[in-house]
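Engineer: There's a structure below that I have some questions on.
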Amino acid sequence: MPERPDLEYVVPRLHQALVGRRITSVHPGNPVVQRLTVPGGLDVLDGAQFQDITRRSNTVCFHMDGDVDLVVAPMLAGRFQLTTPTRKRTKDTVLALDLDDSTTLWVRDKVNMGRVVTLPSRQWEKTPGLPHVGIDVLGPEFTLQALKKLAKKARNQVKLFLLDKALFDSFGNAYADETLFAAKIHPKTRVNELDDDALARLHAAIIDTLQSAIDHIVTAQPKLENKLRDFLNVRNRKGEPCPVCGTAIRAAGVRGYDAFFCPSCQPDTKGRGFVDWRKAR
């Protein structure tokens, strides 16, 4: 899924291209992804003008005039593309919006796991996952003491801890793995097992991993619809050598999620959940 570093690049690009533009035609795609909470559904977007575009957690919020928001949760395979109205829409286009400057915004999702939601302006309680967004880990309020306070109440595995969007704004699978690699913490370690040194490493790794990824993507300037992942150290690199020590990267299951890690740099002293990378899915 697009994660925070991706969206920190995508949202300003969309803001620059769309704010002030007016929608001239709405082309709904697969209804599976639609969650329409205002009368008229997607039709209310016809003629609407983009007023602002923001990120909330792992979603993109298009704020329209008329006090209506279009919220897109890209999930696993969602992406955005700016093109022209004359171009034939791809099979995975779940929503196309023609604009008054002869451009078209496509929302694409090849597995239909995302959500396209219309709702009254900023009424986040109408969209699951949006009412409560955790601490901004790139903001001044995210101190080591703030992390320790959150960790004190947690008893789950550290990867799940990072993925809790009510605690942190915000992680997905990829950058949770990258953060734990940088912090030298095994993904199955329970949060209450982390000592002060480990928490200090985790705090530093959270900030550095996300900010470095944002800087890398912004510098690379990929196409809007492309998700840049070739610079990651462990995510989806099972069997490849660790960039630090050369040990083969392994994969493990963490309560329904997969996790990629280096068994040497991120040792598991309690022997939990080793999965041979050759057998991991």
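Engineer: Treating only the Cβ atoms of Lys and Arg (+1) and Asp and Glu (-1) as charged, compute the dipole magnitude of the range 9-77 about its Cα centre; round to the nearest 20 debye.
Structural biologist: Using Cβ point charges on Lys, Arg, Asp and Glu, the range 9-77 gives about 300 debye.
Engineer: Could you pull the Rg and Dmax for the range 4-126, using just the Cα atoms, both in Å?
Structural biologist: Reported Rg and Dmax, both Å: 13.0, 37.
Engineer: When the helices in the chain are scored as -39500 (n - 2.57) per DSSP H run of 4 or longer and the sum is shared across all residues, what 222 nm value do you end up with, to the nearest 500 deg cm²/dmol?
Structural biologist: Result for the chain: -7500 deg cm²/dmol, rounded to the nearest 500.
Engineer: Using a 10 Å cut-off around each Cβ, can you sort I206, I135 from fewest to most neighbouring Cβ atoms?
Structural biologist: Ascending number of Cβ neighbours within 10 Å: I135, I206.
Engineer: Once both labels are modelled 7 Å past Cα along the beta-carbon direction, what's the A200-D215 spacing in nm?
Structural biologist: According to this spin-label approximation, the distance is 2.2 nm.
Engineer: Using every Cα-Cα pair within the chain, state what percent have a distance larger than 31 Å.
Structural biologist: Tail fraction, whole percent: 33.
Engineer: Related question: Please compute the modelled spin-label separation between N236 and T269, points set 7 Å along Cα→Cβ, answer in nm with one decimal.
Structural biologist: Here the answer is 3.4 nm between the modelled labels.
Engineer: Near K165, which aspartates and glutamates are there with a Cα under 14 Å away, not counting those fewer than 8 places off in the same chain?
Structural biologist: E3, D136
Engineer: At 10 °C and 1.306 mPa s, grab the translational diffusion coefficient of the range 135-232 from Stokes-Einstein with a Kirkwood Rh over Cα pairs, rounded to a whole number in µm² per second.
Structural biologist: Estimated diffusion coefficient is 114 µm²/s.
Engineer: Further, regarding this structure: Order of E8, E225 from fewest to most other C-beta atoms within 10 Å?
Structural biologist: Ordered from fewest to most neighbouring Cβ atoms within 10 Å, E8, E225 come out as E225, E8.
Engineer: Highest mean first, how do 145-152, 165-172 rank when packing is the count of other Cβ atoms within 10 Å averaged over residues?
Structural biologist: The densest-packed peptide leads the list: 165-172, 145-152.
Engineer: Using Cα positions and a limit of under 18 Å, work out the lysines in reach of K184, with same-chain residues fewer than 8 apart set aside.
Structural biologist: In chain and number order, the partners are K148, K159, K238, K270.
All of the numbers you see were taken from the coordinates with simple rules; none came from a lab. If you're wondering where the values come from, they're calculated on a predicted model, not measured in any experiment. Glycine gets a Cβ as well: all are built from the backbone with ideal geometry, and neighbour counts include every protein chain shown.
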